[in-house]
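K.L.:
The structure follows.
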Amino acid sequence: MESGSGQSGAPVERVEPYPDAAAEARLRRQLEETWHVPAGFLGWFAVTDHRTIGRRYIATAFVFFLIGGVLAALMRIQLAVPDNHFLGPDLYNQVFTMHGTVMMFLFAVPVMEAMAVYLVPLMVGTRNIAFPRLNTFSYFVYLFGGIMVIVAMLVNSAPDAGWFAYVPLSGPDYTPGKRADFWAQLITFTEVAALAVAVEIVATVFKMRAPGMSLNRIPLFVWSMLVTAFMIIFAMPAVVLGSTFLLLDRLVGTHFYNPAEGGDALLWQHLFWFFGHPEVYIIFVPALGMVSAIVATFTQRPIFGYRAMVLSLVATGFIGFGLWVHHMFATGLPQLGLTYFTAASMIISIPSGVQIFCWIASIWRGHPRLATPMLFVLGFIAIFVLGGLSGVTLASVPFDLQVHDTYYVVAHFHYVLLGGAVFPLIGALYFWFPKITGRMMSERLGVLNFWTLFIGFNVTFFPMHILGFQGMPRRVYTYPAEMGWGPLNLVATAGAVLLIAGGALFVFNAVRSYVAGTIAGDDPWHGETLEWATASPPPVYNFLHIPVIEGRHAMWDRSLAPPVVTGLRSDCREVLITDVMGAEPVHAYELPEPSIWPFLCSIVTSAFFVGSIFTPWALPVSILPLTVTLIGWFWPKPHPNLRGDQPLVRPVEAEG
Amino acid sequence: MSSRPVIDVSPLPKFAFGHKGLIWWGTTGFMVIEGSMFVMALIVYFYLRLKVDQWPPSLPNPDIGFATANLLLILASCLPNAFAKKAAERFDLGKVRLWLVVLSLIGVVALVLRAFEYTQLNCRWDDNAYGSIVWLLLSLHTVHVATDVVDGAVLTALMFIGPVTDRRFVDVSENSLYWYFIVAWWIPIYLTIYFAPRWL
Amino acid sequence: MRGRSTRPHAACVWLSQFLMVLTVGCAGNQSMFNPQGPAARRIADLGLLMIAICLVVYLVVIAVAAWSLLRQRQASDDSAQTTARLGAIVAGAVAVTAAILVTLTAVSAAAGRGLTSPTSQDTVTVDVIGHQWWWAFQYRSDKPQDFVTTPNELHVPVGVPVILRAQSRDVIHSFWVPNLQGKRDLIPGQITTTWIQADRAGVYRGQCAEFCGHQHAKMAFVVVAEPMDAFQQWLQRQRQPAAEPTGDQERHGRDVFLQSTCVTCHTIRGTDAGARVGPELTHVGSRQTIAAGTLPNSVEHLRMWVANPPSIKPGTRMPPHGLSPEDFEAVVSYLRSLE
């Protein structure tokens, strides 16, 4: 068997007799051994398995979600009645800033990426995510960034200038101490983690799909994550740059945002919102993919209009980059420019509308079954469409100039974020919980969970539209009784109690089901996509054999004796690399073994990030440790791998 | 249900150069990310330029001596870079070692020249917004050069120390790709820092 | 797993949402739907139109979704003909959506055009200067000595457009009086412009609408609209320097004031106090509110405020007074006398 420099080997297509049970058992044992997850204390830090990292990511994001929820509860207590003294302004400002920051940076984006980390390799039919060590590194960087800002909060040094930290308020002159530095550096932590995962997703989706999964057979959830990954790649550099400028202004005296020395306060807003608007689509587009997966499964029909759905995902991704100035309508920019941004902000509803209409069409022609995941999808439709419509009104400059920075906007973005992203996410967790844990969540508790959250959500946030009309601005730690805002605020706080109950109910259901839920089996829902083809939870190698995909709906189009790939080595971590368009096999590739080095590198990186908040010396001091950990990470195995790589150097004349 | 093997991938190679392989996608992904940052930084430069009448504001233009020498050096480095890439794709270890050493030396010289460039900028990062963005643009690029020089040095060492396998040659090819990226971005950054104040 | 009937569940989901939507916002003192000037009226009309359209769209979408969920399935649902028909309907829905959006964009642009600047040429211009956490309104005039600066209270003549040139001394703030106009940000390093016009005499409350630090919540102001001659009289009165104190306590109060730390921040024209860090106090007695709209102006509130500002506005730059009780009372009565 020769493996050439790319041209000589080609896959062989032939039909062989069915392998016997003994051979299958041997294969299973060997794959388990090859792909084993390292055990023990040190092993926990060295894991590069995408399912393990995905579970950790999801669990960690949920802890941050609960923290964000507690912060919201504190806000609602303070605002329940006028002139309240529960939280003074300094504490309140830290609380609302942390609520937004934790929710947006430590929960919303990471949890969506986490779902992708877990599901995408399974859905495309491969054994692990691309660049698994980078995946591990990314998780720890995210974790340490989150820990940093929570610790900052516990020592009364939480950021307090809002989750988008406008300058000059967050600059060196108006925020003393390190609060804004922790915030800006949190951006760096979370963006590094997110960018790493985004690159992995692109590489996995483009190059590691199972044979037969051509572009037009990619599941809609995978498409949504691919679009999201591209958005992350193009959007995040702006905020990395912007937050770096802020850190430099604060630490070493640069003048990017100092109008007195040629800098510009609006520069921050442009840089932040160029990222910030795509950011909300980064959160929302994965949810669109989740909804498609759930609707297909719970109507037992393919989603109506696959091509239109894919195109609208892509269109949303593109158009989302052209809207950012709608956050800046009140800043006095020229009118003509603003009109363009109004039009763009309206037009983006069209692809979202396509999605909604196609789902309704799917429900129309399918056989809907209202299990809990589907209930959350219905809730999503009811809530998100309202949020989308309030967004359309916000696109109008004159109207926005009245409701901008009021509770109307708070209502809008909670409708689209909670309704448009969290409801699908909860539904998705109910949906994929059996796959991840092997057990079903309680359906009875699920229905109760849905109603608590749905009613709680609307009671909390609908009144805020009205509060906005009545002139209540955002980010106020209290308000006078004469304004008449008290009753609706009290109603909102009452709704928040229900929301908390709903959150607690979800955690209770999850924990109880994890321990004692009904055993799920491989495919409890009769699902459409490939993850349902393997056990629940999937074995550490995902699939015994890499499948060959026979249609757009991997499970529903599968023949009785499903065709599979053979010839991948099972004695090393070999995966199949296929081509971008048609997923034809191109070459086999040995993924790296688990390693402690990505974790060690994340420690050094985090120390560097935190250190540079306090001194520029952090940079020179970190260079050597960073280099050492990176060398440890990338240095190839000491003994040539006789199994995967060629052991010898080839002579020059062996041309391909 | 039992499965039915229909494709045997064992004859396939274990690696591939360029976009057929997996690593290229990682490298390209990071090039797009860094490239987006460079684009943004350049846009910021011109955004700040348009806010004032005089540019640089009350400061002299940067001197172009060392910068131009550096530009010519790293443009010239494209040649050994191309040789390294081609040698890697031919699995010619001897040539790969040679050109990697040459590139490492060039990289070190480029960094030294870059250090002198800083002294010729005729501004400090904390003078005003102009000084800030000029230092930032230069430093953004310098970080990339430095990282790639260290990276390249480690790779060079690896090609001498071993183990050298086919996939190492793919690494050399990817490394060359990244060096092209760094060279290419120097051109607009050089023109912006050193000639925008003179031409605009 | 069809253990429950699906119809009541589904119906409940839709109905509850529907009822929510029926409760629309209404008026109040700082409400955008209580317009008292042409700009706010235009925006309120636009707002109501958009909300009405959105409500109809919402109800239609929810109704169609509900019907799709609840309808009786048929064998022909999977046929090619049905699929084609569905495709046409979806395409039609997209077209209708696009048409609505284009209409809304056009309507919004039309409304916006009438809002950027007033139609009339007879205008009054006022400079708005934002500070953490108070407002300075400056009325210029031909003679610099006739400049008038009033903190936290903006007087305007009824029926006359007032051009506002806004800037900030520190961080970004936002000038917003919903009864009269949309908001405009105050950005350090540049001047932004807006205009307001009140069509009826009255007092309209406004509030900072861009988070600006600790006391963002209590950075309010009032706009007092009065007929032109009343306005001119007010302006004339404001031009006068501070009234001479008549009583002993007031005179003593002035002396204490001028010798205490108050003068490091406050101006009282006609005295030696000329600092511009805090609001000008020349006519503080005649203002409707104090502490940036936080408290109605009365002896009791003035006492509370001057005695311990951080207790009213934690984080404020104004420190507690540190005077003896008699001196304190004297200062308060002096300030009350500055009408």
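Read-outs: derived from the displayed coordinates by stated rules, not from any lab. As the structure is a prediction and not an experimental result, all values here were calculated from the model. Cβ placement follows ideal geometry from the backbone for every residue including glycine, while neighbour counts extend to all protein chains displayed.
K.L.:
Quick check: convex hull of the Cα atoms in chain C, volume per residue, rounded to a whole Å³?
P.N.:
On the way: hull volume 64.4 nm³, N = 339.
Taking only Cα atoms, chain C has a hull volume of 190 Å³ per residue.
K.L.:
I've got another one for you. Lys pairs in the protein assembly as shown, Cα-Cα under 26 Å, at least 8 apart or on separate chains: how many?
P.N.:
The result is 25.
K.L.:
Using Cβ counts within 10 Å as a stand-in for footprinting exposure, how do C:GLU210, C:GLU244, A:GLU528, A:GLU24 rank, fewest first? Don't skip to the answer; put the middle values down first.
P.N.:
Working: C:GLU210 29, C:GLU244 10, A:GLU528 25, A:GLU24 15.
Result, fewest neighbours first: C:GLU244, A:GLU24, A:GLU528, C:GLU210.
K.L.:
Just add up the charged neighbours of A:PRO89: K/R +1, D/E -1, any other residue whose Cβ is under 12 Å from the Cβ of A:PRO89. It would help to have the intermediate numbers written out before the result.
P.N.:
Values: positive: A:ARG475, C:LYS218, C:LYS313; negative: A:ASP90, A:ASP160.
Neighbourhood net charge equals +1.
K.L.:
Work out from phi, with θ = phi - 60° and the Karplus expression 6.51 cos²θ - 1.76 cosθ + 1.60, the ³J(HN,Hα) of each residue of the range C:289-306, listed in order in whole Hz, and give x for Gly and Pro.
P.N.:
Going residue by residue, I get 9, 10, 6, 6, x, 7, 10, x, 7, 8, 4, 4, 5, 4, 4, 4, 5, 5 Hz, with x marking Gly and Pro.
K.L.:
Would you mind ranking C:HIS321, A:HIS465, A:HIS277, C:HIS173 by Cβ crowding within 10 Å, fewest neighbours first? Present the calculation step by step, with values, prior to reporting the outcome.
P.N.:
On the way: C:HIS321 18, A:HIS465 28, A:HIS277 21, C:HIS173 33.
The fewest-first ordering by Cβ neighbours comes to C:HIS321, A:HIS277, A:HIS465, C:HIS173.
K.L.:
Looking at the range A:400-505 from every direction and averaging, what is the projected area of its Cα convex hull in nm²?
P.N.:
Directional mean of the projected Cα hull area for the range A:400-505 stands at 7.4 nm².
K.L.:
What number, rounded to the nearest 500 deg cm²/dmol, is the helix-based mean residue ellipticity at 222 nm of chain C, given -39500 (n - 2.57) per DSSP H run of at least four residues and division by all its residues? Spell out each step's value before the answer.
P.N.:
On the way: 8 runs with 134 residues, N = 339.
It lands at -13000 deg cm²/dmol.
K.L.:
Still on this structure, I have one more. Of A:TYR257, A:TYR477, B:TYR178, A:TYR340, how do they rank once you tally other Cβ atoms within 10 Å and put the fewest first? Let's see the in-between values first.
P.N.:
Details: A:TYR257 30, A:TYR477 25, B:TYR178 20, A:TYR340 12.
Ascending Cβ contact count within 10 Å gives the list A:TYR340, B:TYR178, A:TYR477, A:TYR257.
K.L.:
Taking the Cα centre of chain C as the origin, how large is its charge dipole in debye, to the nearest 20, when only Lys and Arg (+1) and Asp and Glu (-1) carry charge on their Cβ atoms? It would help to have the intermediate numbers written out before the result.
P.N.:
Details: 29 positive and 25 negative charges, 323 e Å.
That gives a dipole near 1560 debye.
K.L.:
Okay, next question. Subtract the Cα-Cα distance of C:ARG71 and C:CYS265 from 0.36 nm times their separation in residues, and report this length gain in nm to one decimal. Please list the in-between numbers first.
P.N.:
On the way: separation 194, 0.36 × 194 = 69.84 nm, distance 7.26 nm.
Length gained, C:ARG71 through C:CYS265: 62.6 nm.
K.L.:
Which cross-chain or sequence-distant (5 or more) residues have an amide H under 5 Å from the amide H of A:VAL586, H modelled 1.01 Å from N in plane?
P.N.:
A:ILE577, A:THR578, A:ASP579
K.L.:
While we're on this one: In whole percent, what relative contact order does chain A give with Cα contacts below 8 Å and a gap of six or more residues? Don't jump to the answer; show the numbers that get you there.
P.N.:
Values: 1070 pairs, mean separation 133.3, N = 656.
Relative contact order for chain A comes out at 20 percent.
K.L.:
What is the magnitude of the charge dipole of the protein assembly as shown about its Cα centre, with +1 placed on the Cβ of each Lys and Arg, -1 on the Cβ of each Asp and Glu, and no other charges, expressed in debye to the nearest 20? Before the final figure, lay out each step's value.
P.N.:
Working: 77 positive and 78 negative charges, 445 e Å.
Computed charge dipole of the protein assembly as shown: roughly 2140 debye.
K.L.:
For chain A, what is the mean residue ellipticity at 222 nm derived from helices alone (per DSSP H run of n ≥ 4: -39500 (n - 2.57); sum divided by total residues; nearest 500 deg cm²/dmol)?
P.N.:
Here the helix-only value at 222 nm equals -20500 deg cm²/dmol.
K.L.:
Which value in Å does the Kirkwood hydrodynamic radius of chain A take, with 1/r averaged over all unlike C-alpha pairs and then inverted? Mind dumping the intermediate values first?
P.N.:
Working: mean 1/r = 0.0382 Å⁻¹.
About 26.1 Å for chain A.
K.L.:
Sticking with this structure for a sec: Rounded to the nearest 0.05, what FRET efficiency is calculated for A:ASP522 and A:VAL497 with R0 set to 51 Å and r the Cβ-Cβ distance?
P.N.:
On the way: r = 40 Å, r/R0 = 0.78.
About 0.80, to the nearest 0.05.
K.L.:
For C:VAL96 and A:ASN216, what does the FRET efficiency come to when R0 = 30 Å and r is the distance between their Cβ atoms, rounded to the nearest 0.05? Please report the intermediate quantities before stating the final value.
P.N.:
Details: r = 28 Å, r/R0 = 0.95.
Taking R0 as 30 Å, the efficiency between C:VAL96 and A:ASN216 is 0.60.
K.L.:
A follow-up question, please. Roughly what percent of Cα-Cα pairs across the range B:116-181 reach past 20 Å?
P.N.:
Taking all Cα-Cα pairs of the range B:116-181, the fraction more than 20 Å apart is 47 percent.
K.L.:
Let me ask another. What spacing in nm lies between the two simple spin-label points modelled at A:ILE147 and B:GLN120, each 7 Å away from Cα in the Cβ direction?
P.N.:
4.6
K.L.:
With unit charges on the beta carbon (Lys/Arg positive, Asp/Glu negative), name the residue among A:LEU505, A:THR493, A:VAL515 whose Cα is farthest towards the positive pole of the charge dipole of the range A:484-570.
P.N.:
A:THR493
K.L.:
Determine ³J(HN,Hα), in whole Hz, for all residues of the range C:217-230 in sequence, where each value follows from phi through the Karplus function 6.51 cos²θ - 1.76 cosθ + 1.60 and θ = phi - 60°; x replaces Gly and Pro.
P.N.:
Computed from phi, the couplings for the range C:217-230 are 5, 10, 10, 9, 7, 10, 10, 9, 9, 9, x, 3, 5, 4 Hz.
K.L.:
Check which residues have an amide H placed less than 5 Å from C:HIS155's amide H, if you skip close sequence neighbours.
P.N.:
The list, which skips near neighbours in sequence, is C:VAL224.
K.L.:
Could you derive backbone 3J(HN,Hα) for the range C:255-265 from the dihedral phi with the Karplus parameters 6.51, -1.76 and 1.60 (θ = phi - 60°), listing whole Hz in sequence and x where the residue is Gly or Pro?
P.N.:
Result, rounded to whole Hz: 4, 4, 4, 5, 9, 9, 6, 3, 6, 5, 10.
K.L.:
A further question on this structure: Which distance in nm do the two modelled labels at A:PHE318 and C:ASN308 give, with both placed 7 Å along the Cα-to-Cβ direction?
P.N.:
The modelled label-to-label distance comes out at 6.3 nm.
K.L.:
Along the Cα-to-Cβ line of C:ASP122, 7 Å from the Cα, sits a label point; which residues in the range C:146-170 have backbone N less than 16 Å from it?
P.N.:
Residues C:156-163 fall inside that zone.
K.L.:
Further question on the same structure: What is the gain in length, in nm to one decimal, between A:ASP90 and A:TRP617 on full extension, counting 0.36 nm per residue of separation less the C-alpha to C-alpha distance? Don't skip to the answer; put the middle values down first.
P.N.:
Numbers: separation 527, 0.36 × 527 = 189.72 nm, distance 3.13 nm.
Stretched out fully, the A:ASP90 to A:TRP617 stretch lengthens by 186.6 nm.
K.L.:
Counting only residues 5 or more places away or on other chains, whose amide H sits under 5 Å from the amide H of A:SER214 once H atoms are built in the peptide plane?
P.N.:
none
K.L.:
Taking 41 Å as R0, compute the FRET efficiency from the Cβ-Cβ separation of C:GLN240 and A:GLN335 and round it to 0.05. Let's see the in-between values first.
P.N.:
Numbers: r = 41 Å, r/R0 = 1.00.
Efficiency at R0 = 41 Å is approximately 0.50.
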